[in-house]
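Let me begin by presenting the structure, written as structure tokens, before commenting on it.
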Amino acid sequence: MRETRTDGDLLRAIAADGDRRAFEELYRRYAPWLLARLRGRCADAGVVDDVVQETFLAVWRGTARYREEGDVAGWLWRIGSRRLIDALRGDGARGRLRQALSHLRHRDEASAEERVLAGVEHGDLAGALVRLSPELRAVLQATVIDGLTTREAAVLLGIPPGTVKTRAMRARKQLREALA
């Protein structure tokens, strides 16, 4: 019977000598989980698949370094979520241009859902969210959008649970003030 290696053992083997089997084992452990989590953030399966591949390529190439502190899943999540944001930012202008051009061709009345979504994306709430610091936005993303508990968000973000609570409280306060 073969002994199961820890996540740390796998990462050390990948970093030290490019152990392909260790990489494959790490990929099998975490790729499905990362794929499911990222699909909760982005409906475009192609973009999500690319981001998962880029995340694991960063691990393989050594451009993402694990410091042996914290949870490997949280570390992979940070890499993947940042790469997803980068991918969406890069497509953002093209997507808005495509959307504008499609409206010119069809001249249809926007549905109520489209108007609400546009208001969130371009309205007061979007502006208030953009003005939050990245740290506060990350806590809101983890706790509100991802639905993580304070403890899970702390692991994901690599900060103490008390800091998660404090940042969430500050973010809500700033949003209330901005929207009042």
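The values are calculated or read from the model by the stated rules, or taken from the named source; none is laboratory data. None of these values were measured; they are calculated from a predicted model. No Cβ is skipped: glycine too gets one built from the backbone with ideal geometry, and neighbour counts run over all protein chains shown. The protein model used for the area step is the full one, side chains on, heavy atoms only, and it has no ligands, DNA or RNA in it. Shrake-Rupley method; radii C 1.70, N 1.55, O 1.52, S 1.80 Å.
Go through Gly46, Gly80 for me and flag whichever is under 27 Å from Asp17 (Cβ atoms) and modelled with pLDDT of 85 or more. From the options Gly46, Gly80, the qualifying one is Gly80. Scanning segment 158-176 for residues that are free of Cβ contacts under 8 Å to residues at least 60 places away in the same chain, open to solvent by less than 70 Å² (accessible area, probe 1.4 Å) and not polar (S, T, N, Q) yields Ile159, Pro161, Gly162, Val164, Arg167, Ala168, Ala171, Leu175. Checking the stated criteria, Asp50 turns out to be open to solvent by 80 Å² or more (accessible area, probe 1.4 Å), of a type in the set (D, E, K, R), farther than 26 Å from Glu3 by Cβ and without any contact (Cβ under 8 Å) to a residue 40 or more places away in the chain. For segment 1-23, which residues satisfy the criterion of being open to solvent by 60 Å² or more (accessible area, probe 1.4 Å) and modelled with pLDDT of 90 or more? Passing the criteria: Arg20, Arg21. Remark: pairs (first residue in segment 71-94, within 19 Å of Arg39 (Cβ to Cβ); second residue at pLDDT below 75; Cβ separation under 8 Å; 6+ apart in sequence or on different chains) = Ile79/Ala64.
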